[in-house]
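Chemist: First the structure, which I've put down as structure tokens, then a few questions once you've had a look.
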Amino acid sequence: MRKIGVVGVGTMGQGIAEMLSKSGLDVLLVERTEERLDHALQMIELMLDKQMEKWAITAAEKKMIMSRIRRAEHLQDLAGCDMVIESITEDLEMKKELFRELDRICPPNVILASNTSTLSLTELANETKTPDRVIGMHFLHPVADIDLVEIVRGLQTSDETYERTKTFVQETIAKKAVLVYESPGFVSTRLICTLINEALHTLEEGVATAEDIDAAMRIGYDFKYGPLEMADRFGLDAVLAALERMFREFGELKYRPSYLLKKMVRAGQLGVKTGQGFFRYDKDGDRL
């Protein structure tokens, strides 16, 4: 696989595109509007500039990475890709419509992958005439720094699709592949959202401050970020959507979202992307 399409270039899509290009792959980006696509390319360039400031990459490497990332005007432009990775918003109906379109546009040998963290791969695949080529590739944020991909098999995902995807993950982009059989939240989302939800209950009950809750987990258990800052970086709206879906699917109280989380989402305090969540952030996503 040498040419990969990425549909949906929000925070996750930007990270996926950057990581693919760094692996020497040609990347085609698709977004709903020109403005969103322009913003995504600016954000990818900003991420690379920050790496240059830290001497992680050179100016020549940045130029090479950006040269491999190109915009696609229409979904039809993805017909020549070897794989298409969908990373649009976690809306089941929107994803179904997209997979119907991709199935019509892309030849049968093209793998159709979803970066969904909670939705059913089997349900998405059922919208296509070739459900055997649909698979989940759940990347974790920040994509460039976390060397793990959950490969999620739907009910009809073929062995060939799984093996090709596993080879791609482990050899082409050099990440650890974890096989997951479809279940709401898979492994990582299911576990981390439960931790975040419990941290929210702890905060609501006044057991400790947000700063101290995060410090306890960050220092005590060697987390890079505490659970509340994780929620800010994932997006509080995304955490709420994941918890609500798992609560509906499992019916267990441990997945029922904290009222504090709902209140913050209603207030538009979504974390890094709005500059305010449990903590405050600058336009580059750094803590203030």
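Chemist: Restricting to helices (runs of 4 or more DSSP H) lying wholly in segment 194-288: which have 3 or more residues that are farther than 26 Å from P184 by Cβ?
Modeler: On the way: elements: 210-220, 227-234, 236-250, 259-266.
Correct list: 210-220.
Chemist: Among the residues of segment 1-27, which ones are without any contact (Cβ under 8 Å) to a residue 60 or more places away in the chain, surrounded by fewer than 21 Cβ atoms within 10 Å (Cβ to Cβ) and among the small types (G, A, S)? It would help to see each step written out before you state the result.
Modeler: Step one: list which residues in segment 1-27 are without any contact (Cβ under 8 Å) to a residue 60 or more places away in the chain, which gives 14, 17, 21, 24, 26-27.
Within this subset, residues satisfying the condition of being surrounded by fewer than 21 Cβ atoms within 10 Å (Cβ to Cβ) are 24, 26.
Hit for segment 1-27 is G24, nothing else.
Chemist: Under the condition of being in a helix (DSSP H, G or I) and free of Cβ contacts under 8 Å to residues at least 12 places away in the same chain, which residue from segment 36-59 is surrounded by the most Cβ atoms within 10 Å (Cβ to Cβ)?
Modeler: The extreme case among them is Q51.
Chemist: Oh, and also: Where the second residue is surrounded by 18 or more Cβ atoms within 10 Å (Cβ to Cβ) and outside any helix (DSSP H, G or I) and the first is free of Cβ contacts under 8 Å to residues at least 40 places away in the same chain and among the hydrophobic types (A, V, I, L, M, F, W, C) and lies in segment 193-204, which pairs have Cβ atoms under 9 Å and are six or more apart or on separate chains?
Modeler: Once the first residue is free of Cβ contacts under 8 Å to residues at least 40 places away in the same chain and among the hydrophobic types (A, V, I, L, M, F, W, C) and sits in segment 193-204, its partners that are surrounded by 18 or more Cβ atoms within 10 Å (Cβ to Cβ) and outside any helix (DSSP H, G or I) give A199/G226; A199/S258.
Chemist: Which residues, counting only those in segment 1-35, are assigned to a helix (DSSP H, G or I) and within 17 Å of the chain's Cα centre (by Cα)?
Modeler: The initial filter retains those residues of segment 1-35 that are assigned to a helix (DSSP H, G or I), namely 11-22, 34-35.
T11, M12, G13, Q14, G15, I16, A17, E18, M19, L20, S21 - these are the residues of segment 1-35 that are assigned to a helix (DSSP H, G or I) and within 17 Å of the chain's Cα centre (by Cα).
No lab work stands behind these numbers, since they all come straight from the coordinates. Here the structure is a predicted model, which means the values were calculated and not measured. Backbone-built Cβ (ideal geometry, glycine too); neighbour counts: all protein chains shown.
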